[in-house]
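Structure, as structure tokens:
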């Protein structure tokens with residue numbers, strides 16, 4: 001631990017973090033394998049991104065070279081994944097980037113990243129639940145079934161409450177309370193359906209590819225339409241640099257967009273404490289899920305831009321509409337079904353990730369310790385799961401969240417930066433720690449990860465940065481009013497060697 005326990009930058013030793021996981025009332029059940037982790041990763045990564053972003057980016061940013069944009073984004077994520085894999089195997093404790101930064105950088109940065117992750121996963125869960133509701137209502141309309149207008153959600157004319165999004169989050173909350181292994185089994189079934197649909201798209205679409213649609217593979221560069229004020233990318237506001245569409249630089253512009261289709265592999269790290277052999281299985285789960293999804297993304301983008309010229313692609317449903325244009329509407333229905341089913345796992349795993357971060361912060365005393373008690377039978381963090389599940393269900397039911405969705409993106413990139421920084425610091429401060437997996441080429445890989453993440457963050461709108469800064473400022477206030485003094489590392493919490501603040 002840090003020598004100065006009065007400092008907000010005091011660190012919690014890796015050994016103490018691991019000892020905390022062995023307290024019976026605050027321990028999680030270890031039941032996950034490398035396969036479960038990989039399924040979780042694939043389950044949360046493959047969502048609307050592959051069904052929607054592919055066509056949008058191809059039409060507006062990169063043309064057929066969208067496949068290269070997915071490769072670039074995959075490399076950026078791989079750099080971060082290598083850092084996550086070292087930490088998750090060295091510090092197999094719930095909390096992901098929060099726990100990692102607590103052991104390396106200090107308590108205040110750990111609180112900030114935990115505060116950030118709670119928002120990221122909460123908004124992500126709510127946004128995905130609302131998106132799932134839209135898909136289901138569309139399928140119901142096709143079958144002649146309709147909800148009363150006021151229960152269709154605030155995004156619909158005359159809508160007030162999104163009943164389907166609300167019920168989905170509550171149902172997934174119940175599943176997570178019962179056990180993470182049950183969650184893994186449900187996820188396995190849904191991921192199998194989702195991957196099957198993606199493979200159908202790839203193998204069926206190959207027969208409708210026209211070589212002429214790939215010419216030119218990298219369309220000529222075009223200046224991007226400039227935004228105004230806070231809607232402009234931050235890099236444009238600060239330097240006047242204007243990103244371009246198409247051309248070589250358009251590939252990187254597209255990469256900053258399709259990167260968000262990869263968000264989720266970091267959620268795998270939140271389940272480290274519930275993994276049977278984390279030193280071996282965490283790196284396999286994190287890197288395995290990322291490789292699988294990158295290959296699928298590249299294949300889908302090549303197929304869809306080969307089936308239909310990029311300038312003719314639909315923005316809202318490019319894969320389904322490409323098959324309709326080829327005269328095969330049945331495939332379009334299969335794709336819509338796959339997207340609907342697939343979003344269930346995305347929602348559940350984001351909710352799982354959030355509850356584990358909240359649980360870890362409460363076990364450390366930075367949030368009320370009441371929430372760090374696990375269920376006596378299921379060994380799950382049932383209190384934060386129920387609290388957060390109900391709150392998110394209400395938010396998903398009443399709120400139109402499209403404006404806030406980009407906060408999920410900046411929050412993820414910020415976590416990437418912190419984790420890469422933490423790897424370098426912990427290598428210097430604790431070279432003695434046993435590391436089952438070691439990030440290669442340190443410090444080059446972490447530095448490259450930080451640089452790539454910051455570049456993508458700079459391409460986000462200035463208004464996203466403003467909202468993010470406001471949320472972080474609120475978090476700092478909460479820390480100094482509550483977390484700093486209630487932390488189990490605070491000298492005033494010392495109770496003769498026993499953990500302080502055991503609030504029941």
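The values are calculated or read from the model by the stated rules, or taken from the named source; none is laboratory data. Keep in mind the model is a prediction, meaning the values are calculated, not measured. Cβ: placed from backbone, ideal geometry, glycine included. Neighbour counts: every protein chain shown.
Per the listing 28, 5, 37, the residue uniquely over 24 Å from residue 265 (Cα atoms) and in contact with a helix residue (DSSP H, G or I) (Cβ under 6 Å, 6 or more places away or on another chain) is 5.
Between 337, 371, the distinction of being in a helix (DSSP H, G or I), crowded, with 19+ Cβ neighbours inside 10 Å and at pLDDT below 90 belongs to 371 only. The set of residues in region 426-457 that are more than 19 Å from the chain's Cα centre (by Cα), surrounded by 22 or more Cβ atoms within 10 Å (Cβ to Cβ) and assigned to a helix (DSSP H, G or I) comprises 426, 446. In region 154-172, what residues are without any contact (Cβ under 8 Å) to a residue 60 or more places away in the chain, in contact with a helix residue (DSSP H, G or I) (Cβ under 6 Å, 6 or more places away or on another chain) and closer than 22 Å to residue 337 by Cβ? 164, the sole residue that qualifies.
Has region 46-56 got at least one residue that is at positive phi, in contact with a helix residue (DSSP H, G or I) (Cβ under 7 Å, 6 or more places away or on another chain), buried (at least 24 other Cβ atoms within 10 Å of the Cβ) and in a helix (DSSP H, G or I)? Give the steps one after another, and end with the answer.
Of the residues in region 46-56, the ones at positive phi are none.
No, there is no match, as no residue in region 46-56 is at positive phi, in contact with a helix residue (DSSP H, G or I) (Cβ under 7 Å, 6 or more places away or on another chain), buried (at least 24 other Cβ atoms within 10 Å of the Cβ) and in a helix (DSSP H, G or I).
Counting only residues that are in contact with a strand residue (DSSP E or B) (Cβ under 7 Å, 6 or more places away or on another chain) and part of a helix (DSSP H, G or I), region 268-307 holds 4 of them. Among the residues of region 145-165, those identified as closer than 16 Å to residue 132 by Cα and part of a helix (DSSP H, G or I) are 151, 163, 164, 165.
Entry remark, region 174-183: residues being surrounded by fewer than 23 Cβ atoms within 10 Å (Cβ to Cβ) and assigned to a helix (DSSP H, G or I) number 6 in total.
Only a single criterion out of (1) at pLDDT 85 or above; (2) under 25 Å from the mean Cα position of the chain (by Cα) is not satisfied by residue 181, namely (1). Among the residues of region 41-56, just one is over 24 Å from residue 189 (Cα atoms), under 20 Å from the mean Cα position of the chain (by Cα) and modelled with pLDDT of 80 or more, namely 54.
Is it fair to say residue 392 is within 21 Å of the chain's Cα centre (by Cα), closer than 22 Å to residue 359 by Cβ and modelled with pLDDT of 90 or more? If you could, list the steps in order and put the result at the bottom.
Numbers: within 21 Å of the chain's Cα centre (by Cα): yes; closer than 22 Å to residue 359 by Cβ: yes; modelled with pLDDT of 90 or more: yes.
Spelling it out, residue 392 is indeed within 21 Å of the chain's Cα centre (by Cα), closer than 22 Å to residue 359 by Cβ and modelled with pLDDT of 90 or more.
Based on this model, can you work out whether residue 277 counts as under 15 Å from residue 93 (Cα atoms) and surrounded by fewer than 21 Cβ atoms within 10 Å (Cβ to Cβ)? Here the answer is yes, as residue 277 does meet what is asked.
Could you look through region 91-111, keep only residues that are assigned to a helix (DSSP H, G or I) and surrounded by fewer than 24 Cβ atoms within 10 Å (Cβ to Cβ), and pick out the one that is nearest to the chain's Cα centre (by Cα)? Step through it out loud before you land on a result.
Narrowing region 91-111 to residues assigned to a helix (DSSP H, G or I): 97-104, 107-111.
Narrowing the set further to residues that are surrounded by fewer than 24 Cβ atoms within 10 Å (Cβ to Cβ) leaves 108-109.
Details: 108: 22, 109: 20 Å.
Only one residue tops the list, namely 109.
Taking the conditions exactly as written (farther than 22 Å from residue 41 by Cα and either modelled with pLDDT under 90 or surrounded by fewer than 16 Cβ atoms within 10 Å (Cβ to Cβ) (or both)), does residue 133 satisfy them or not? Yes: the conditions hold for residue 133.
A quick yes/no check of all residues on (1) at pLDDT 80 or above; (2) touching a strand residue (DSSP E or B) at 6+ places or on another chain (Cβ under 6 Å); (3) within 21 Å of residue 354 (Cβ to Cβ):
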position	(1), (2), (3)
1	no, no, no
6	yes, no, no
98	yes, no, yes
103	yes, no, yes
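Against the definition (in a helix (DSSP H, G or I), touching a helix residue (DSSP H, G or I) at 6+ places or on another chain (Cβ under 8 Å) and either surrounded by 15 or more Cβ atoms within 10 Å (Cβ to Cβ) or at pLDDT 90 or above (or both)), how does residue 423 come out, yes or no?
Values: in a helix (DSSP H, G or I): yes; touching a helix residue (DSSP H, G or I) at 6+ places or on another chain (Cβ under 8 Å): yes; either surrounded by 15 or more Cβ atoms within 10 Å (Cβ to Cβ) or at pLDDT 90 or above (or both): yes.
Yes, satisfied.
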